[in-house]
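The values are calculated or read from the model by the stated rules, or taken from the named source; none is laboratory data. Just so you know, these numbers come straight off a predicted model, no measurement behind them. Here the Cβ is made from the backbone with ideal geometry for all residues, glycine too, and neighbour counts use every protein chain on show.
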Amino acid sequence: MKNIVAISGSLRQGSSNHAILKYLSTLMEPDTKYTIYNNLADVPAFDPGLDAETPPAAIAALRQLLLNADGIIICTPEYAFGVPGSLKNMLDWLVSSSTLVDKPVALITASLGGEYAHASLLLTLGALTAKLSDETNLLIQFVRSKVAADGTITDTDTIKGLKDLLAAFTAQINS
């Protein structure tokens, strides 16, 4: 059984990013365990002095969850032309561990613009030596016009892009 962990960069439960992650759950193969990580707000502010052999409990649990995953999907908005602070903070906690080394990661940035956060996250994930490819990252601009209030994705190009990304991501995990 494959194990995929999905992380939203938005803390708001009704966000477009959560809707996208929920949509992806409907596309998963039956032999896949798909978990949406909902504890991003519990990750403490990064403190290198606490990043020792026994990190805070929330960090130890996060690292274990990600280590056990066969792949990780991140779907995030862009805030003030950058990465949401809570997501960047979480990634900072992973720097000193080998949690993402050669781990397949799919990156979806879904926002009004998103290009700055997307580029920044590609650099950060590269520094963490996550396994990335052009086929496993997607920028969805003007996302609010593509996701209805009830979370339904209404744009056919967005649906196709997500299906293509998931196919490439699944192939990467299986290779």
Residue check, GLN141 against (1) touching an Asp or Glu at 6+ places or on another chain (Cβ under 9 Å); (2) touching a residue at least 40 places away in the same chain (Cβ under 8 Å), all met but one. Which one? (2)
Every residue from the stretch 143-175 that is modelled with pLDDT under 95 and either closer than 30 Å to VAL95 by Cα or surrounded by 19 or more Cβ atoms within 10 Å (Cβ to Cβ) (or both): ASN174, SER175
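Which residue, of LEU87, LEU67, LEU40, LEU107, is aliphatic (A, V, I, L, M) and more than 12 Å from the chain's Cα centre (by Cα)? Break it down into steps so the answer makes sense when it comes.
On the way: LEU87 fails: more than 12 Å from the chain's Cα centre (by Cα); LEU40 fails: more than 12 Å from the chain's Cα centre (by Cα); LEU107 fails: more than 12 Å from the chain's Cα centre (by Cα).
That would be LEU67, the only listed residue that is aliphatic (A, V, I, L, M) and more than 12 Å from the chain's Cα centre (by Cα).
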Can you tell me how many residues in the stretch 115-142 are hydrophobic (A, V, I, L, M, F, W, C) and over 21 Å from VAL95 (Cβ atoms)? 4
Does THR124 satisfy being among the hydroxyl-bearing types (Ser, Thr, Tyr), in a helix (DSSP H, G or I) and more than 16 Å from the chain's Cα centre (by Cα)? no
For the stretch 76-114, give me each residue that is in contact with a Ser or Thr (Cβ under 7 Å, 6 or more places away or on another chain) and either loosely packed, with under 15 Cβ neighbours inside 10 Å or on the phi > 0 side of the Ramachandran plot (or both). GLY82, VAL101, ASP102
So, in the stretch 1-56, exactly how many residues are within 17 Å of THR99 (Cβ to Cβ) and among the hydroxyl-bearing types (Ser, Thr, Tyr)? 3
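Please pick out the residue among SER8, SER25 that is crowded, with 19+ Cβ neighbours inside 10 Å, farther than 16 Å from PRO104 by Cβ and at pLDDT 95 or above. Don't jump to the end; show me each part of the working.
Numbers: SER25 fails: crowded, with 19+ Cβ neighbours inside 10 Å.
Every option except SER8 fails the conditions.
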Looking at ILE73, is it of a type outside the set (Ser, Thr, Tyr) and touching a Phe, Trp or Tyr at 6+ places or on another chain (Cβ under 8 Å)? yes
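Here are some residues: ILE20, ILE73, ILE36. Which one is closer than 18 Å to ALA171 by Cα, surrounded by 15 or more Cβ atoms within 10 Å (Cβ to Cβ) and of a type in the set (Val, Ile, Thr)? Even if it seems obvious, please write down each step before you answer.
Numbers: ILE20 fails: closer than 18 Å to ALA171 by Cα; ILE36 fails: closer than 18 Å to ALA171 by Cα.
Answer to the check: ILE73.
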Among the residues of the stretch 45-63, how many are under 17 Å from LEU11 (Cβ atoms) and without any contact (Cβ under 8 Å) to a residue 24 or more places away in the chain? 1
